[in-house]
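Since every read-out is calculated from the coordinates, none of them should be taken as a lab result. Nothing here was measured: the structure is a model prediction, and the numbers come from that model. Cβ atoms come from the backbone with ideal geometry, glycine included; neighbour counts cover every protein chain shown.
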Amino acid sequence: MEKLFNLLLFWEVFSSTVFSYPSGEIGTACNSMLPRHRDFISQTSPPPYAISISNTSFTAGDEIIVSLTAISDSRFKGFLLQAQEIRRDSAVGSFRILNPDMQGLACNSVQNSSLSHTNRRNKRNVTAIWIAPPGVGDVVFRATVLHNFSVFWANVQSQVLASSSRSVVPISMEEGCGMQKFCFSSPTGCNPREPNCYFMSSEALESDAFKFEMSGLSDGYLAIGFSDDTIMGNDDIYICGRNATGDVAVQHAFSTGRTTPSPRPLGEVDILATSFNNGIVKCSFISRNSIATQSRNADSLYYIFLTFGPSLAGQIRKHPMRPFITDQKVNISGFEAQGGTNSTPLIIKAHGALMLIAWMTTGSVGMIFARYLKKSIKKSLRGKDIWFQIHFLMMLLTVAATVIAFILIFVAVKGWSGSAGVHAIIGCIVMALSFLQAMIAFFRPSLQNSRRFIFNWFHMLNALVIKVLAVAAIFLGLQMLSKPPSQWMIKTMGGFVGWEAFIVIMLDINLWLKKKEIYEDSETKAKSEILLLLFYLSGNLAFSIALLIGIGRS
C-alpha cells in the first residue's frame, strides 16, 4: 500500500513538472506569455493556428467574439490568450468564458484579463467574448499555443482591433508619396486602387520603427523584400498572404536562394490592417525589426523587391514571374516615389540569348550538315571536306557560346546555390556533355579504324541527348522570363521546336528517297537538300529574332 501511495505521489509530481501546468494555472507567464519548458523554444515556422475576431473596431463596453482555431488537421493542448494594447505588453479588458476548456486568469491585476486551458485534451477551437475597457487605444489579440509539451508557437496574433478614436485603421497607400514616405509601384505612378497596380510604401517612425503598406492583385500573397543586389537570395522578406481560413496575415521570412523563403519569428511587428477584396490583397503594419541584410539606419540603402503568387493553406508557392525591382538601391527612410519593372538583368538576358543561339541555330545547323549534307557537298578546301569544316565551325561556336553563357550565369548568381532548380541542373549537364563531345571529337579514330563506328554512334547519341536537354533548359528559362498569362515566348519556342522537327522529317524523307535511288540526277539530290536547308534557315531566323526580342524586353 505504501509503495502504491509513493508511486501515485511520484506521478503527480512528475506530471505537473513535465506537462507544466496542465490545469492552465499559469499566472506566472502573464508578462512573457512563454511556458516554462526547460530546453524548449518557440517554433519559427508559420503557426498552424489563427485568431479571428468578430469586428474590426470597438468602443468601450463592446463585446467582441474571439476564437482561437487550429488550421487544417492541427490540434493544441494548451494556450494563453490576451488582448494587448498596441505598443504595450500588458493585458487589457476582460473575457467572458463560454467554453469549459478555458478559464480566466487575473493578469495585470484584472480578473479574466487572460485565458488559458483547463486540461490537456486535444482542442481544435476555443471561443470567448472580450469586453472592451474604456480609455485604451488599438488592440491586438496575442496567444501562445502548445501543440504538445516540446512544440509550441509564441506570438500568434489577430489583426488589429481599432479603437473608437480612429474607428478603423486606414491603408492610406499613395497618400504622402514623395513627401512623407517612400513609394514603389508598377506600373510607375499607378493608383493602388486599380486592380493592375502593385504598390508598396515605407514610412520612418520614431524609435527606428517603419510603417509598411502593400497592395496588389493576387489570389495568394504579396511580398516585399530588401536586398543588397538584384539577385534573389539573402533577402529580408515580409509576406502579406491569405491563410487557410481565407484571412490575410503578415509573415516574416528570409530567403537563402531561390527556394521557398525560410520562416522567421514575426518579432516586433504590429499589424494595423489587412484585407482581401475583389482579388486585391492589402496590408499595413509597423515593424521595429532590423533588416537582416545589414543594420537598419537612416542611411540604409536596399534594392526593393515586390512580388506576388499563389498560396496553399497559408504556405506561399513560387511566384509566376520575376519580381518588380527598383532600378537602384533606395533609402526606405526617404520620400522618393519610384516606378518598378520586373526587368531581367542584362547579364541574364545575355545568358539566355547565347543558349538560344547555340542550341537552336548554330548547333542545329552543324548537326544538319553532318547528317544530311556530307554526301551531297563533296568539294574540299585545304584537304578537308567543306561540309565537315562547316560542321566543325558551327559546333565550335555552339560549345563556345555554351561556355560563355555558363560563365555569365555563374557570375550573375555569384556561384552555385543548392536551390538553383531544375533549369540550372540541366544547364550544368548540358555544359558537361558538350565538353565531353568536344573532347571525344578531338580524339576521334581515323576513318580506317575498325572501331570508328563506336565513335560515330556515341557522337550521334550524345549530340541527341545534349539537344533534348538544351531544349528543355531553354523552355524552363523562357518560362521564368515570360509574363503570365500569355506566356507567348513559351508558345513561340514550341513553334520553333515544331518547325525544326518538320524540317528534320523532310530531310529524312529526302535521305530515304536518295537511298532508294529515286533521284537519278545527282545535282537534283544536292539541290533538294540545299533548298530544304535554306527553307529551314529562313524559319529559324524568324523564330530566333522573335525570341531574342522577347528576351531583350523581359
Query raised in the report: Farthest toward the dipole's positive end in segment 20-163, which of V145, S32, Q82, given Cβ charges of +1 (Lys, Arg) and -1 (Asp, Glu) about the Cα centre?
Result: V145
**Report entry** Given K375/K514; K378/K515; K374/K527; K181/K282; K467/K514, the pairs whose alpha carbons are separated by over 20 Å
**Finding:** K467/K514
Requested in this report: Using a Förster distance of 22 angstrom, determine the FRET efficiency expected from the C-beta separation of V403 and L461, and round it to 0.05.
Outcome: 0.50
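Please find the FRET efficiency linking R121 to I425, where r is the Cβ-Cβ separation and R0 is fixed at 56 Å, and quote it to the nearest 0.05. Don't skip to the answer; put the middle values down first.
Values: r = 48 Å, r/R0 = 0.86.
About 0.70, to the nearest 0.05.
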Query - Approximate shape of segment 20-163 as ellipsoid semi-axes (Cα gyration tensor, √5λ), whole Å, largest first - result: 23, 15, 14
Report task. Arrange V468, V145 by Cβ neighbour counts within 10 Å, fewest through most, would you? Result -> V468, V145
Query raised in the report: So who's got an amide H within less than 5 Å of the one on T256, skipping anything under 5 residues away but keeping other chains? H placed 1.01 Å off N, in plane.
Result: N234, S262
Report summary line: Most exposed to least, judged by fewest other Cβ atoms within 10 Å, L301, L266, L381, L80 sort to L381, L301, L266, L80
Report task. Give the long-range amide H neighbours of G78: residues separated by 5 or more places, or on another chain, with amide H under 5 Å away, using H modelled in the peptide plane at 1.01 Å from N. Result -> L146
